[in-house]
1. Select the strands (runs of 3 or more DSSP E) contained entirely in segment 170-256, then report the ones holding at least 1 residues which are of a type in the set (D, E, K, R) and within 19 Å of F313 (Cα to Cα).
2. State whether the residues of segment 39-50 include one that is closer than 30 Å to I286 by Cα and in a loop (DSSP other than H, G, I, E, B).
3. On the basis of being out of contact with any strand residue (DSSP E or B) (no Cβ under 6 Å at 6 or more places or on another chain), modelled with pLDDT of 95 or more and farther than 26 Å from G283 by Cα, does R194 make the cut?
4. Just need a number here: residues in segment 208-227 that are in contact with a Lys or Arg (Cβ under 7 Å, 6 or more places away or on another chain), more than 17 Å from K154 (Cβ to Cβ) and either at pLDDT below 95 or not β-branched (V, I, T) (or both).
5. Do you know which residues across segment 310-342 are part of a loop (DSSP other than H, G, I, E, B) and within 23 Å of R145 (Cβ to Cβ)?
6. May I ask you to say which residue of A261, A308, A254 is in contact with a Phe, Trp or Tyr (Cβ under 6 Å, 6 or more places away or on another chain) and within 30 Å of N128 (Cα to Cα)?
7. Taking only segment 1-27 into account, find how many residues are within 27 Å of the chain's Cα centre (by Cα), without any contact (Cβ under 8 Å) to a residue 40 or more places away in the chain and either outside the structural domain of V42 (by TED's automatic domain parsing) or assigned to a helix (DSSP H, G or I) (or both).
8. Restricting to segment 112-147, and then to whatever is in a loop (DSSP other than H, G, I, E, B) and surrounded by 12 or more Cβ atoms within 10 Å (Cβ to Cβ), can you tell me which residue is nearest to the chain's Cα centre (by Cα)?
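The values are calculated or read from the model by the stated rules, or taken from the named source; none is laboratory data. Keep in mind that what you see is a predicted model, and the values were worked out from it rather than measured. Cβ sites come from the backbone with ideal geometry, for glycine too, and all protein chains shown count toward neighbours.
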Amino acid sequence: MEKLGLGAFLVTKRENVRWLTGFTADDPSTVLITQKRKFFFVYISSLEQAKEQARGFKVIDISKDGKEKIERIFSKVNTKYVGFENSIPFNLLKRFKKLDKRNGRRWKATRMILEELRMIKTNDEIRNVRKACGLAEEGFVYIKRKLKFGITEKEIEWDLEKYMRDRGADERSFKFVIGFGPNSARGHHESNKRKLCKGDFVLLDFGVKVEGFASDITRTVFFGKPTARQAEIYDTVLNAQKEVFKNLKIEMKASELHKIAERYIKKAGKGYELLHGLGHGLGLEIHELPIIADKKKLKWKIKDFVIAPNMVFTIEPGIYFPGYGGVRIEDDIVMTKRGYEILTKSPKELKDIIIK
């Protein structure tokens, strides 16, 4: 805030509010931070929980006389500039500006301030990601046994989620991607009633949350002995990931990791391409910083992040052929001062992922 010349900063994004306050409810809430005070605006339904969890914050119930209360607080803030997250809904921003209009201040949009702070995880946060990864690994062992001829993608999706919830998952990290046969070539395929057939690729991309922190694992298995082409695609993806791990170290640029996988896949020939970013940060959100990609190919401007200790992110190369099928292998890793640790250790050698 000092660096940007901000005397106050408004936070509305749910994950950022949780990270700052410890408040776990999904109810609407807003944080206002000044150079001297921390205010937390909530409604009566969340008041007691907010007082219990948001230690060090002045918790204010805005259910009644909310406008007057917020206006009064803004009037005591001695600054020319108020910062806000660029993800704030337009109408909400307009409302807060209106409450502050008599003070003649300028409001400045910021980009990814809290997301960059969240990028470096605490030991407790890493512990929660580790637990979420453990549940995902249990889920993979379980669901492999459920892959039978004629079962549908939708049945696998529901069975997998129920299994992990029964074992302690808070919720799923995202809508699972379960793709059989040609559907495995769709990166974000929505499970449907397609039935499992012999010779199918089976793409399993899933994860759960523990204490708000996510896991995200992808394994591609084969229902029956893979063809020579299927095996070749699989080995190319697996070896590309191994090549990344061989070179991964702290202080290297995220874009270089992407290029290592991209070069390996392209060198294999046969029209193989890495069509998406190699990975993404993992935490309170399923996709967060750092972004592991070639920044020149992104549609928006973003930093080329330098890999640092206590970052948690995915490495997920993939090759896809529409109408035929595809392979993606995704693991979650945590960086340490000594190197890295793979948190998702489920088998991925070709011989281990064939369902006979």
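1. Details: elements: 177-180, 200-206, 208-210, 217-223.
The strands (runs of 3 or more DSSP E) meeting that bar are 200-206, 208-210, 217-223.
2. Within segment 39-50, one or more residues are closer than 30 Å to I286 by Cα and in a loop (DSSP other than H, G, I, E, B).
3. No: the conditions fail for R194.
4. Start the filter on segment 208-227 by keeping residues that are in contact with a Lys or Arg (Cβ under 7 Å, 6 or more places away or on another chain), which leaves 208, 210, 212, 218-221, 223-224.
This time we only want the ones that are more than 17 Å from K154 (Cβ to Cβ), so: 208, 210, 212, 218-221, 224.
Then keep just the ones that are either at pLDDT below 95 or not β-branched (V, I, T) (or both); that gives 212, 219, 224.
The number of residues fulfilling the criteria is 3.
5. First pass over segment 310-342, keeping only residues part of a loop (DSSP other than H, G, I, E, B): 310, 316-317, 322-324, 329, 337-338.
Hit for segment 310-342 is I329, nothing else.
6. Details: A261 fails: in contact with a Phe, Trp or Tyr (Cβ under 6 Å, 6 or more places away or on another chain); A308 fails: in contact with a Phe, Trp or Tyr (Cβ under 6 Å, 6 or more places away or on another chain).
One residue alone meets the criteria, A254.
7. Result for segment 1-27: 3.
8. Filtering first and then ranking leaves M119.
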